[in-house]
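The values are calculated or read from the model by the stated rules, or taken from the named source; none is laboratory data. Predicted, not measured: the structure shown is a model, and the values here were computed from it. Reconstructed Cβ throughout: ideal geometry from the backbone, glycine too, with neighbour counts over all protein chains shown. Accessible surface is based on the protein model in full, side chains and every heavy atom, while ligands, DNA and RNA are left aside. Shrake-Rupley method; radii C 1.70, N 1.55, O 1.52, S 1.80 Å.
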Amino acid sequence: MIRGLFSRSDHEVRVKLLHRPFGAPALVGSWTYADRWFVEKTFSGDTLLLGVESDRDTRRALAVRMRGDLAITAVPGGLFRDRVREIMDFDQPLAELAKGPAYGVFWTMAAGFGPAFRARLTALAEGAAPGDTFSNLLHDRDFPGQDGPDVVLYRNYFDDETCLRLRPALWDALQEEAPRALRLGWMQVEHVSFDGETYDFGSRFTLTRDR
């Protein structure tokens, strides 16, 4: 572990854990003790996994590991009509979330939300506007909102980073324990950005309900 960055607003705390030195070659990382620690300490209540189907191997892994409670498909315009499918899996047992390195490779995790949040996702899948994706909702929209989630975790294996969004009260509860448990220095910055680390489809994409 190299260091942890965080930024704070009235509505959320953004955290980025950097697992290797800046400028090092891009390598495939591994699920770390810090990743497991954050899941164990911050995840409670209903859980959600977001899987993104982008290639044959990923499609096979998702078919084995995820039920697919809800799915939408993003189709870009233009010459190349690549199909990207997002799959939602609700209520994964907390004990299973950080079991192996595959978690975080293919999907985002979230926890601590009520039935109205699930209804928002269902409505999005039924009548999505161009550019709407589950990824954008969890990473870019106003957060956490009245009905949650309380925490979102994205594990970026390519850049070997962990990105989190937390309610401020949840972050405050970790302040004393985190430095001792994780043995890393924290640096507060003006804004932690997740740009380039999520599937940002933009306005060129049209979403259709997956059948």
Distance in nm between label sites at residue 30 and residue 90, each 7 Å beyond Cα in the beta-carbon direction? 3.6 nm
Neighbour net charge for residue 7 - beta-carbon separation under 13 angstrom, K R +1, D E -1: +1
Give me the extension gain from residue 177 to residue 44: residue separation times 0.36 nm, minus the current Cα-Cα distance, reported in nm with one decimal. 46.1 nm
Output the peptides 155-165, 53-63 sorted from most to least packed, where packing is the average of other Cβ atoms within 10 Å over each peptide's residues. 155-165, 53-63
Kindly report, to the nearest 10 Å², the accessible surface of residue 194 as traced by a 1.4 Å probe over protein heavy atoms only. 10 Å²
Using θ = phi - 60° and Karplus 6.51 cos²θ - 1.76 cosθ + 1.60, couplings along segment 176-185 (whole Hz; Gly, Pro as x): 7, 7, 4, x, 5, 6, 9, 6, 9, x
